[in-house]
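Heads up: the structure comes next, in structure tokens.
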Amino acid sequence: MTPRTLSYRHGLSRNIWNRLLSSVAALFTALAVLPLVLVLIYVLIKGGSLINMQLLTELPPPPGLDGGGIGNAIVGTLVVSLIASLIAIPIGVGGGIYLAEYSRSGPFAQFVRFGTNVLAGVPSIICGVFIYGLIVSTRALMGQSYSAIAGGMALAVLMIPTVIKTTDEGLKLVPQELRWGAMGVGASRVITITRVTLPAALAPIATGVVLGIARAAGETAPLIFTALFSPFWSDGLLNPIASMSVLIYNYAIMPYEAQISLAWAASFVLVMMILAANLLARWLGHLSRQ
Amino acid sequence: MTAPSTSASQSEEICLSLQDLSISYGNKEAVRGVYMDIPKGKVTAFIGPSGCGKSTVLRALNRMNDLIDGCAIRGRVVFQGQDLYQRDIDPVEVRRRIGMVFQKPNPFPKSIYDNIAFGARINGYRGDMDELVERSLRKAALWDETKDKLRDSGYALSGGQQQRLCIARTIAIEPEVILMDEPCSALDPISTLKIEEMMHELKKNYTIVIVTHNMQQAVRVSDYTGFFNVSNREDRDSKVGCLVEFSETESIFNSPQQLATQDYVSGRFG
């Protein structure tokens, strides 16, 4: 009896299925990436060509006039994101440390983890309405209604679940032996966390924070209710402030050519900033594997 | 030159005294009724089959079990006249006096220098840090291999070197007792030999308690040996660890008093 051939046979039904299903998987992968590629290309074509120094530094023109830029919106987005980070990072990292290091998986920790997951799924417009009801409509902040701080708070509500979750999971990845080692040389719990565990988990935490900021920076809905918009340079943190996402929302539907161009340019800048933030996050994550 | 084996530790100064120590995880009892006087300035080995609670007992000696959920301890561990489990005892202070080396090498993700300086810094060491690092590394027989790369990460070392780094780190806080939980189980024979040689040096200054699965290692390094075994309790069918025999290493291996010890050290079970 001659041995069966070992060479690849195209007609074999398992090989046919194999090729077929591989092609289907490849097709769906391509479909999944397609929107990303199309959005990037479209924004690049429509907005990329408009980018120049004037656009990045000047104020938007009054309706009907040409020229101008989105300088105030870029500054505004940075300011609001910074306020959001200042609120969300301490709360989120602190909460994550509590969950991973102190809570010992009790019922309260389970409840907080569940709540965090729910909060992560809450539509961003709800966060906006929440801060509107809490701060803006009540004029709780020194009698001011719409303000940069209110906008930052709304974005912070969006960021907190991401930061808590990544901190919690980053700390859980730190080997237990490392904590024992620190305890074994007489470190108290606080010293173990601040000097050993947190530094060991810094990369995943930083990645989560950057992704949280990137997500929040692109949000429109929470800002419409809180930071509102302003066609002028920022007038302090207690007054309404421009942001790129709200600028796009306002200008893209205006009947003026100049404003529509600015909306496209702002889209381009925003997408590039978020892309850069994601690349930064990837780089930070890469650091941890070295 | 050796005292009669029956009077094992009576002539020695006692370092740690375990009095009716029982340890349980949740409602499962792991070890019960351990009485043992660990002599000062000697190497004491714990041997026994897996699951007999020798690591559990070791971890009870510097309150490392506090970090494990549901671990409860009854009985007393007396160190320098104080019961380690009294309410007013600070476990952090206990661990500064009784250091621990773990089964898996666990250097911090820091430089070799900082790995050693860490413990000293948090303990408020005010002296010459460079000198302390060198002295600790020399005691752990690691100085020659690392003196030119003290700023390299501790992770860059081999497994055996990492374990010696962890020992150096423990020495740097100048404890009185060093507990070692199977320190060589993850290491090759040459690294093991280096650590064993080091232990002979260390016992001049420290009391060492070591858990080992390797009976030859117990013979080579220890002065006293405690044999732990798993016993089936009559009233329930759960298994619980207990101390069968504790004596000078020589008599444990050459003239054990208990049949179970005899069986274990001669390789008939375990």
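The values are calculated or read from the model by the stated rules, or taken from the named source; none is laboratory data. Quick caveat, the model's predicted, so the values are computed rather than measured. FYI the Cβ positions are ideal-geometry reconstructions off the backbone, even for glycines, and counts take in every protein chain you see. Side chains included, ligands, DNA and RNA excluded: accessible areas come from the protein's heavy atoms. Shrake-Rupley method; radii C 1.70, N 1.55, O 1.52, S 1.80 Å.
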If you roll a 1.4 Å probe over the protein assembly as shown with all protein chains in place, what percent of the accessible area is carbon or sulfur? 60 percent
Exposure of B:E176 as accessible area (Å², to 10), given a probe of 1.4 Å and all protein chains: 60 Å²
Per residue, how big is the convex hull around the C-alpha atoms of the protein assembly as shown? Give it to me in cubic angstrom, could you? 288 Å³
Expected unfolding gain across A:T29-A:Y256 under the 0.36 nm per residue rule, minus the alpha-carbon gap, is 77.8 nm
Suppose R0 equals 56 Å. What FRET efficiency, 1/(1 + (r/R0)^6) with r the Cβ-Cβ distance, do A:H10 and A:L134 give to the nearest 0.05? 0.25
Using only the heavy atoms of the protein chains and a 1.4 Å probe, how would B:K28, B:K194, B:K54 rank by accessible area, largest first? B:K28, B:K194, B:K54
Per-residue [θ]222 nm for chain B (sum of -39500 (n - 2.57) over DSSP H runs n ≥ 4, rounded to 500): -9000 deg cm²/dmol
What percent antiparallel are the DSSP beta bridges of the protein assembly as shown, to the nearest 5? 60 percent
Separation of the B:R76 and B:I89 label points, Cα + 7 Å toward Cβ, nm: 1.1 nm
Just to compare against my own numbers: the Cα pair-distance distribution for chain B, 5 Å bins, whole % per bin, please. 1, 6, 13, 17, 18, 16, 13, 9, 5, 2, 0, 0, 0
Enumerate the whole-percent occupancy of each 10 Å bin, from 0 to the last occupied one, for all C-alpha pair distances of region A:18-82. 18, 26, 26, 14, 11, 6, 0
Taking beta carbons within 10 Å but only from partner chains, what does the mean come to for residues B:107-118? 3
Pairs of Cα atoms farther than 18 Å apart, region B:109-267, %: 64 percent
Taking every pair of distinct Cα atoms and averaging 1/r, then inverting, what Kirkwood hydrodynamic radius in Å comes out for region A:90-166? 13.5 Å
How long are the semi-axes of the equivalent ellipsoid of region A:71-199, defined as square roots of 5 times the Cα gyration tensor eigenvalues? Whole Å, largest first. 34, 17, 12
Note: A:186-196 gets an average of partner chain Cβ contacts (10 Å, Cβ to Cβ) equal to 5
Exposed trypsin sites (Lys or Arg not before Pro) being those in a DSSP loop with at most 12 other Cβ atoms within 10 Å, the longest stretch of chain A free of them is A:140-288
How would you rank B:41-49, B:61-69, highest first, on the average number of other Cβ atoms within 10 Å across their residues? B:41-49, B:61-69
Using a 1.4 angstrom probe on the protein heavy atoms only, line up A:I125, A:I149 by accessible area, largest first. A:I125, A:I149
Taking 0.36 nm per residue of separation and subtracting the Cα-Cα distance, what length does fully extending B:H213 through B:L193 add? 5.7 nm
Roll a 1.4 Å probe over the protein chains and send me the accessible area per residue for region B:153-262 in Å². 41 Å²
Taking a probe of 1.4 Å and leaving out DNA, RNA and ligands, chain A shows per residue an accessible area in Å² of 53 Å²
Between region A:4-58 and region A:230-290, what's the alpha-carbon centroid distance in Å? 26 Å
Those lysines that a straight Cα-Cα span of less than 30 Å connects to B:K54, excepting residues fewer than 8 apart in one chain: A:K172, B:K28, B:K40, B:K42, B:K104, B:K139, B:K194, B:K203, B:K204, B:K239
Of B:E29, B:E145, which has the most accessible area and how do the rest follow, probe 1.4 Å? B:E145, B:E29
Count, for each residue of B:142-148, the Cβ atoms from other chains sitting within 10 Å of its Cβ, then give me the mean as a whole number. 0
Compactness check, region A:110-260: C-alpha Rg relative to the 2.2 N^0.38 Å globular estimate gives 1.36
Once all protein chains are kept in place, A:Y102 shows an accessible area at probe 1.4 Å, nearest 10 Å², of 90 Å²
Set the Förster distance to 25 Å, then compute FRET efficiency between B:R138 and B:S158 from the Cβ-Cβ distance, nearest 0.05. 0.85
Work out the FRET efficiency for B:N123 and A:I274 from their Cβ-Cβ distance, taking R0 = 41 Å, and round it to the nearest 0.05. 0.30
Per residue convex hull volume, Cα atoms of region A:192-242, in Å³: 122 Å³
For the pair A and B, total buried accessible area rounded to nearest 100 Å², probe 1.4 Å: 1800 Å²
For B:D263 and B:L67 in the same chain, what is the full-extension length gain: residue separation times 0.36 nm, less their Cα-Cα distance, in nm? 67.1 nm
Over all Cα pairs of chain A, the Kirkwood radius sets Rh, and Rg/Rh then becomes 1.12
